[in-house]
Amino acid sequence: VDGDHVNALVIGSGYGGAVTALRLTQAGITTNVVEMGMAWNTPGPDGKIFCNMLRPDQRSYWLRTSTDQPLGYFLGIPANKAIGKYTGVLDSERFSGVRVYQGRGVGGGSLVNGGMAVQPLRSYFEEVLPSVDPKAMYDTYFPRANAALGVNYIDPAWFEAAECYRYARLSRNQANASGYRTTFVPNVYDFTYMAREQADTVPRSALASEVIYGNNHGKRTLDKTYLAAAAATGRLSVTSQHVVTAVKPAPAGGYAVTMTQIGTGGDPVARKTVRADRVFFAAGSIGTSKLLVAMKAAGALSGLPDAVGQGWGNNGNVMVARANHIWDTTGALQASMPAMGIDNWSDAAGPVFAEIAPFPTGVELWVSLYLAITRNPQRARFVFDTGTGAVDLTWQTAQNQPAIDAAKRVFDRLNATQFTVYRRDLFGPNKIWGDDFTYHPLGGCILNQATDNWGRLPGFPGLYVVDGSLLPGNIGVNPFVTITALAERNIEKIITTDLS
Ligand code: FDA
């Protein structure tokens with residue numbers, strides 16, 4: 001409520017925010033989470049909370065009048081369609097040189113993502129975050145994060161027989177035959193639920209083309225794990241459909257946090273300011289960086305270090321698809337949750353970890369799709385436009401060339417050994433590489449550079465960064481387990497040293 005004074009305010013309810021909310025409330029601290037997206041708990045007219053990939057409606061996208069699918073073309077023809085403008089669950093936020101996909105709603109990215117729960121290679125973690133004790137991470141915080149997230153492994157025997165993973169087995173066999181190592185990837189989607197889906201004993205979700213616009217069943221999203229546990233303490237309040245627009249020191253102490261309540265059409269309903277003793281920035285790499293860069297430029301937090309807004313990367317993301325021979329079917333029924341990856345990270349000339357991605361259209365298309373994570377050293381920064389008051393990102397599509405070069409080494413060889421070709425019709429007319437968007441925005445407020453070694457913003461006691469903006473642009477695998485584990489490490493320290 002406008003004028004309130006609260007103890008701890010968390011901006012955003014994704015991984016960083018959910019970890020913070022649970023550990024603060026468990027420590028006895030009343031915690032208020034403010035989230036710009038909706039609380040996805042009410043079914044629509046079709047009886048479902050989320051729509052699927054095949055028939056996206058207004059629930060799919062954040063305030064757009066047409067869909068903006070990552071694979072926006074088929075046979076080179078635009079495949080997007082008109083939808084109602086609504087506070088949908090997936091945002092494709094456009095900057096001048098990149099589209100950044102993000103989850104919107106209570107649970108953040110966990111609502112829309114593929115659930116792949118991957119721990120980074122220890123040697124690479126040590127390289128990108130040299131100020132963090134790796135032993136503590138790998139002995140304590142990664143296990144803590146995996147347990148609380150509900151990470152589980154697929155039964156390899158079931159995988160070998162499952163109709164819905166024909167696409168993954170084909171890609172695996174082709175990769176192995178080309179000399180590449182493959183590995184199972186853990187997930188937060190309940191694989192035992194998926195087995196029951198295939199046996200037709202429960203409502204289908206992963207087997208009903210549900211992903212990126214939400215899953216109606218099976219996935220252990222943050223609202224069911226961390227946030228549910230925080231709510232059970234009785235000390236959590238979550239306010240959805242409120243966009244935080246400003247944070248500045250309050251004359252009475254603490255910080256004044258200004259927010260706009262919005263309706264489902266994005267229309268402003270009310271403006272509120274609350275005073276918070278402590279503010280935790282958990283709005284994601286993009287959301288947190290944009291807010292802090294704008295506050296620094298506007299003079300509200302002018303003493304923030306120059307490193308704020310720097311060091312953003314796309315985790316080396318690039319997508320690509322191959323066309324298989326007519327006898328190499330990928331299956332009409334495809335599990336929308338990936339379960340396997342090609343691990344070529346040890347190739348010094350171009351490290352690649354490529355998730356074998358589904359193409360769950362419900363019909364046989366002979367397409368093998370991949371999301372490659374590469375070691376792209378390119379970085380960008382956030383800049384405040386004094387004219388418009390907007391924050392842009394300096395990233396240009398051409399900066400993704402190192403990612404393409406690395407992925408091309410792997411997939412050129414795969415095509416050569418399999419006598420197959422790239423699909424050129426899915427990312428644009430005659431376009432092989434999906435290089436102009438990312439699912440993995442990272443950085444902008446890097447640990448031990450823009451913050452201290454625990455996420456505290458220097459010069460502003462009581463301000464903390466707890467999300468993916470702390471990671472330096474690249475982590476080599478899908479990022480949410482690392483974001484969660486780092487948040488666990490930092491909040492433990494903050495609670496013991498700053499809050500007790
Ligand atoms: P996150 O983005 O989760 O949360 C930030 C929250 O803050 C959002 O809910 C947002 O609405 C809110 N917010 C932002 N600005 C705000 C403001 N001003 N006021 C109020 N609220 C605000 N990763 C992985 O490890 N495995 C995977 O399989 C996938 N797959 C995948 C698929 C797709 C389609 C996407 C888009 C992403 C993935 N990811 C993924 C990435 C993963 O989801 C992502 O890295 C994390 O969600 C990031 O966690 P954070 O806590 O940093 O922010």
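Things worth noting here:
- Two-site label geometry, Ala228 and Thr329: point separation in nm, points 7 Å out along Cα→Cβ: 3.7 nm
- Förster radius 41 Å - calculated FRET efficiency between Ala348 and Val269 (Cβ-Cβ, nearest 0.05): 0.15
- Mean Cβ count within 10 Å, highest first, over the residues of peptides 242-250, 87-95, 334-342: 334-342, 87-95, 242-250
- With the gyration tensor restricted to C-alpha atoms of region 36-80, the semi-axes of the equivalent ellipsoid amount to 24, 12, 7 Å, longest first.
- Bridge type composition, the chain - antiparallel percent by DSSP, nearest 5: 75 percent
- Zone of Asn41's modelled label, taken as backbone nitrogen in region 213-235 under 11 Å from a point 7 Å along Cα→Cβ: 223-224, 228, 231-232
- Annotation: average projected area of region 264-390 is 13.8 square nanometres, based on the convex hull of Cα atoms across all directions.
- The charge dipole of region 373-500, taken about its Cα centre with unit charges on the Cβ atoms of Lys, Arg (+1), Asp and Glu (-1) only, comes to about 480 debye.
- For Trp158 and Tyr138, the FRET efficiency from 1/(1 + (r/R0)^6), where r spans their Cβ atoms and R0 equals 22 Å, is about 0.15.
- When the chain is described by a simple charge dipole with +1 on each Lys and Arg Cβ and -1 on each Asp and Glu Cβ, the residue from Gly350, Gly316, Thr245 located farthest towards its positive end is Thr245.
- Among 74-85, 115-126, the order from most to least packed when residues are scored by Cβ within 10 Å on average: 115-126, 74-85
- Our estimate of slack between Leu63 and Asn80, defined as 0.36 nm per intervening residue step minus the Cα-Cα distance, is 4.6 nm.
- Between helix 284-298 and the chain there is an angle of about 40 degrees, using the helix long axis and the longest principal axis of the Cα atoms.
- For region 433-472, the alpha carbon positions stretch 44, 14, 12 Å along the principal axes, listed from largest to smallest.
- Local net charge near Val410, Cβ-Cβ under 14 Å (Lys/Arg +1, Asp/Glu -1): +2
- When each of Lys248/Lys290; Lys248/Lys272; Lys81/Lys224; Lys224/Lys272; Lys85/Lys219; Lys135/Lys493 is checked by Cα-Cα distance, pairs over 24 Å: Lys81/Lys224; Lys224/Lys272; Lys85/Lys219
- Qualifying aspartates and glutamates (Cα of each under 19 Å from Cα of Lys431; at least 8 residues distant if same chain): Asp68, Asp405, Asp412
- Centre separation in Å (Cα based) which lies between region 401-426 and region 111-144: 29 Å
- Length added when fully stretched, Asp200-Ala147, from 0.36 nm per residue minus Cα-Cα: 16.2 nm
- Taking N as its residue count, the alpha carbon Rg of region 94-247 over 2.2 N^0.38 Å: 1.25
- Averaging the Cα positions of each part gives two centres, and for region 433-455 and region 34-79 these lie 26 Å apart.
- Where the Cα pairs of the chain fall when distances are cut into 20 Å bins, in %: 24, 59, 16, 0
- Around the Cα centre of region 346-447, unit charges on the Cβ atoms of Lys, Arg, Asp and Glu (plus for the first two, minus for the last two) sum to a dipole of about 220 debye.
- A straight chain from Thr245 to Glu127 at 0.36 nm per residue would run longer than the Cα-Cα distance by 39.0 nm.
- The helix-only estimate of mean residue ellipticity at 222 nm for the chain, built from DSSP H runs of length n ≥ 4 each weighted as -39500 (n - 2.57), is -7000 deg cm²/dmol after division by the residue total.
- Sorting the segments 278-289, 173-184 by their mean number of nearby beta carbons within 10 angstrom, highest to lowest, gives 278-289, 173-184.
- Dipole in debye (nearest 20) - the chain, about Cα centre, beta carbon charges: Lys, Arg +1; Asp, Glu -1: 300 debye
Each reported figure results from applying straightforward, stated rules to the coordinates on display, with no laboratory input. The structure presented is a predicted model; accordingly, all values stated were derived computationally and were not measured. Methodologically, a virtual Cβ is constructed for each residue, glycine included, from the backbone with ideal geometry; neighbour enumeration extends over all protein chains shown.
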